[in-house]
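What follows is a short report on a single structure.
The values are calculated or read from the model by the stated rules, or taken from the named source; none is laboratory data. Note that the structure is a prediction, hence the values are computed from the model and not measured. With ideal geometry, Cβ positions are generated from the backbone for all residues, glycine too; neighbour counts draw on all protein chains shown.
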Amino acid sequence: MSNYNFIRPTGKFEDWNVYKLSLIIVDITDLFVKTYLDKYRDRTVDQMVQAARSCKQNIVEGSMAAATSRETEIKLTNVAKASLGELREDYKDFIRHNYLHLWGKDDERTLQVRKFSKTHDKPEDYLSRMRERSAETFCNIAITLCHQLDYMLYCVIERAKAIFLEKGGIKEEMHRARLASRKNQSYQSYQSHQRIQDSSNNFDNSEISDPLRGIRGG
């Protein structure tokens, strides 16, 4: 997830790094709630699962909407960002309620997670390792990944804004396409008229240069 590739949707969201990281977060969150929370008593289970899913699904919808509406893309990406923020706070609440330690952004362990994520973009790269980590480490890894995705989504929104300001929305694009089509049709009509005119001029000139052409002698 390096070189800012995540801000260039490919048209196939499965290959988009923003989507890949959201999928990782969905899967490790599912593992977290099954490992550390009581699904029959703790309402946080549904909240965390739904927040993670909402983030991923809105990324998918936003990516698909980008083809026709930058406004919709921005709106859905903002929803994804909000859901991610909710999920991140749930992890932080777990750390606080259980008297665990929250890593700082410059903590060596946080930096290691960031480095690892640059070359690992599949859920299985994380799940096997997370099962061996403590609850504190698990939460901090998840929070670090959430911060990374949050920044990536910010970049997606800023990119969509820049494109919208430069090119406008779908109505503006359709208007430009319609004007270009009309201009092209006018040009083709002009070219056709010119060909007919040139053909007519050639006929007239041949009659002037050879006035007896076509007349049989007696």
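Quick notes
- Applying the condition of being in contact (Cβ under 8 Å) with a residue 60 or more places away in the chain and either β-branched (V, I, T) or not assigned by TED's automatic domain parsing to the domain that holds D93 (or both) to the stretch 109-163 and asking which residue is farthest from T68 (Cα to Cα) yields I141.
- Taken residue by residue, the stretch 32-51 has no member that is over 20 Å from E89 (Cα atoms) and in contact (Cβ under 8 Å) with a residue 12 or more places away in the chain.
- Those residues of the stretch 101-160 which are small (G, A, S) and surrounded by 13 or more Cβ atoms within 10 Å (Cβ to Cβ), in sequence order: S117, A135, A142, A160
- Answer residue from the stretch 1-38, given it is β-branched (V, I, T) and within 11 Å of the chain's Cα centre (by Cα) and is modelled with the lowest pLDDT among those: T10
- Meets criteria (free of Cβ contacts under 8 Å to residues at least 24 places away in the same chain and either surrounded by 16 or more Cβ atoms within 10 Å (Cβ to Cβ) or under 20 Å from S134 (Cβ atoms) (or both)) for E61: yes
- If you go through the stretch 141-169 and keep only what is more than 15 Å from the chain's Cα centre (by Cα) and at pLDDT below 95, you end up with L165, E166, K167, G168, G169.
- Scanning the stretch 40-56 for residues that are charged (D, E, K, R) and either more than 15 Å from I28 (Cα to Cα) or crowded, with 19+ Cβ neighbours inside 10 Å (or both) gives R41, D42, R43, K56.
- Looking across the stretch 64-76 at every residue that is over 26 Å from I143 (Cβ atoms) and in contact with a Phe, Trp or Tyr (Cβ under 8 Å, 6 or more places away or on another chain), the one that is surrounded by the fewest Cβ atoms within 10 Å (Cβ to Cβ) is identified as E71.
- Just one of the listed residues (R182, R109, R176) is more than 23 Å from N58 (Cα to Cα) and at pLDDT 95 or above, and it is R109.
- When the stretch 82-139 is filtered for residues that are in a helix (DSSP H, G or I), small (G, A, S) and more than 26 Å from the chain's Cα centre (by Cα), the ones remaining, listed by number, are S128, A135.
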